[in-house]
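First comes the structure, then the notes that go with it.
The values are calculated or read from the model by the stated rules, or taken from the named source; none is laboratory data. Bear in mind that the values here come from a model prediction, so they are computed numbers and not experimental data. Cβ placement follows ideal geometry from the backbone for every residue including glycine, while neighbour counts extend to all protein chains displayed. Accessible surface areas use protein heavy atoms only, side chains included; no ligands, DNA or RNA. Shrake-Rupley method; radii C 1.70, N 1.55, O 1.52, S 1.80 Å.
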Amino acid sequence: MRILLVEDDKKIADFAAKGLRQSGFAVDIAPDGKEASIMWGSVSYDIAVVDIMLPKLDGLSLVEKFRKRGVKTPVIFLSAKREVDDRIRGLQAGGDDYMCKPFSFSELLARINALLRRVNDIAEPTTSLIQVGQLTLDLDTREVHRDEIKIDIKPKEFQLLEYMMRNSGRIVTKTAILEHVYEYDFDPQTNVVDVLVCRLRNKIDKDFDFKMLQTVRGMGYVLKTR
């Protein structure tokens, strides 16, 4: 899953980005509202974490701009302001959640995952488990099981599997995978998606009769349960 982090405080941005990447997200950092507008206009993000007090273009105006364009990316606002009126303005501007600084990374991660579950309409028995058929993925432990058999996968494979599971039953294009699994400065002129899908398929399908990760020729890939 791919996150746009808009934060002009480099220490906060680096701290949050490091934790999010370790948690399996692809993270693009914008230090001001103007640069964030350029990045957001060219990339499809799964979620945006936006500081309100930004140089060049403030966070409220940035989000209002994209909401007027019909962009529905979930947004978490960050702000040092703690007044109720400030939180209300953030929600009225198009934000889905609001966190006051300073914040704990564990709370930020929990709120991001909660928003993603809500947007993707995923019913989960715990705060961390995603299940599609007999395949389960735990966001907290980073463990993957199929038919209760543990499958060892690498970080990028985990990111791809999470994205496919959140979009199970839908055809996902190679371009979409590049946009949601890799970061802003990644060179798309490679066969990296094919290689990554092949590696993941070998791990989740090789020892099972039914192949869940299927290729739709000329279109992309789909994760099926039957």
For region 112-199, please list each of the strands (runs of 3 or more DSSP E) lying entirely inside it that holds at least 2 residues being at pLDDT 85 or above and open to solvent by 70 Å² or more (accessible area, probe 1.4 Å). 149-151
Some residue of region 209-216 being open to solvent by less than 40 Å² (accessible area, probe 1.4 Å), in contact (Cβ under 8 Å) with a residue 40 or more places away in the chain, outside any loop (DSSP other than H, G, I, E, B) and under 21 Å from L20 (Cα atoms): no
Just the residues that are in contact with a Ser or Thr (Cβ under 8 Å, 6 or more places away or on another chain) and under 20 Å from R2 (Cα atoms), please, taken from region 45-58. Y45, D46, I47, A48, D51
Quickly run through region 16-38 and pick out the residues that are within 21 Å of S79 (Cβ to Cβ) and among the hydrophobic types (A, V, I, L, M, F, W, C). A16, A17, L20, V27, I29, A30, A36
With respect to K203, is the statement that it is in a strand (DSSP E or B), open to solvent by 10 Å² or more (accessible area, probe 1.4 Å), touching a strand residue (DSSP E or B) at 6+ places or on another chain (Cβ under 8 Å) and among the basic types (K, R) true? no
